[in-house]
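Engineer: After the structure tokens below, expect a handful of questions from me.
The values are calculated or read from the model by the stated rules, or taken from the named source; none is laboratory data. Just so it is clear, the structure is predicted and the values come from calculations on it, not from any experiment. Virtual Cβ from ideal backbone geometry, glycine too; neighbours counted across all protein chains shown.
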Amino acid sequence: MKRMTMLLLIFTAATKKTYAFTPDDAQIEYATGTILLFIVLIGICIYLMMRNSALKQELKRAEEQLQSFTDVVQNMRTPVELIRKPLEETLTNDTLTNEGVGNLNTAIRNANTIIRLINQITHTEVLPPTESSSLTLLTAEEVVVPTVTASRMLIFEPDAQAADFLVQHLSDQYQLEVVHNGLDAIDKVRELKPDLIIASMNLPGMGGDELCSKVKNNIETSHIPIVLLIELEDRKGLMKGLKTSADEYVIKPFNIDILKATLTNLLTNKALMRKRYADLDFNTSAECVNCSTDIDWKFIDGIKRHVEEHMANPSFNVDMLCTLLNMSRTSFYNKLKALTDQAPADYVRIIRLKRAAQLLKDQQHSITEVAELTGFSDAKYFREVFKKHFKVSPSKYGKGED
């Protein structure tokens, strides 16, 4: 207010014919400084207005580019689905070699992965269930969280804020452990033995892609499902991430309900595979449609093959099996328990009993002969364990009274 009053006095004196008021040098300097300050403020305001206008134009261009990108991605869905459909029909209807079945399964899984990524980017509904899909995502309302014990989850996320966000939304369903770097990541995985892993691509010390590769190529950890978090803006990281053997990919920023559905379905699929492994519900590796990794399938298939090769030998035990698989007894136990929820001796016995059931159905051998052919030296013990497993005696089973 003082400066404005001084300016008015100077202006009034300068416009009068009689110079009743003559400002001194200090007053003139003071007024000049005020005018310069006023001019500078006006300049700053003009700059900010121009900058704001430029930012709006830049934001508009970015939105247009994003919309263009989304439209392109959206248009990709139809051709990918058109590719997937005949592949599934070929897999179902045609007679193929084992290699052909494996190649088609790989192509179908990759097509499903691309479609899920498109759905995440465009925020549209997720992929409907298909028999060959490696994962069927559900809506948030359809998610059924396992009610047994809370699954252990290991989160590798360098961003503290992002990690807190995950903990906030997932801690009510999972036992969480958060790690902010990839140093000693594999040791951490072996120590905690998590049921699930969430890993960010930009993990310091060991990137998410490298972590995924090491976990999936280690016989002790290959069964653990991994969800890889990938930044949409990081094109190189996106391409590197898609080349990994992760079970699922989630684009940042992501919808938390989609992430929850992804995690739940991974655990559901894992439970289904555990039951299938435990029940020996497979014949050859060509049937591996929903396997998370080939290492797990080969492990189970190797156990079955070795036991069948020594089926009639009652002395064939778990120690001999571990030697054939080049694994320590502890590692073998942990791996088999994780995949089947069975102890090694019980699993070997189940393989023997499954073979015994086939022989009884053929009705070519007596019960005592079947017991000997399947490695049971005591026919009485064979009858007991057979009835306990199949809920019916061997004689009735052979007659079809099961």
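Engineer: Please tell me if residue 220 is assigned to a helix (DSSP H, G or I), closer than 29 Å to residue 326 by Cβ and not assigned by TED's automatic domain parsing to the domain that holds residue 339.
Structural biologist: no
Engineer: Let me ask something else about it. Looking at 187, 172 in this structure, which one is part of a loop (DSSP other than H, G, I, E, B), without any contact (Cβ under 8 Å) to a residue 24 or more places away in the chain and over 28 Å from residue 233 (Cα atoms)?
Structural biologist: 172
Engineer: Given the criterion assigned to a helix (DSSP H, G or I) and surrounded by 15 or more Cβ atoms within 10 Å (Cβ to Cβ), identify the matching residue among 361, 354.
Structural biologist: 354
So that you can scan it fast, the table gives a plain yes or no per residue for (1) part of a helix (DSSP H, G or I); (2) among the aromatic types (Phe, Trp, Tyr); (3) crowded, with 18+ Cβ neighbours inside 10 Å:
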| site | (1), (2), (3) |
| --- | --- |
| 316 | no, yes, yes |
| 348 | yes, no, yes |
| 365 | no, no, no |
| 383 | yes, no, no |
| 395 | yes, no, no |
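Engineer: Ok, one more. Taking the conditions exactly as written (under 17 Å from the mean Cα position of the chain (by Cα), farther than 18 Å from residue 221 by Cα and outside any strand (DSSP E or B)), does residue 202 satisfy them or not?
Structural biologist: For residue 202, the condition - under 17 Å from the mean Cα position of the chain (by Cα), farther than 18 Å from residue 221 by Cα and outside any strand (DSSP E or B) - is met.
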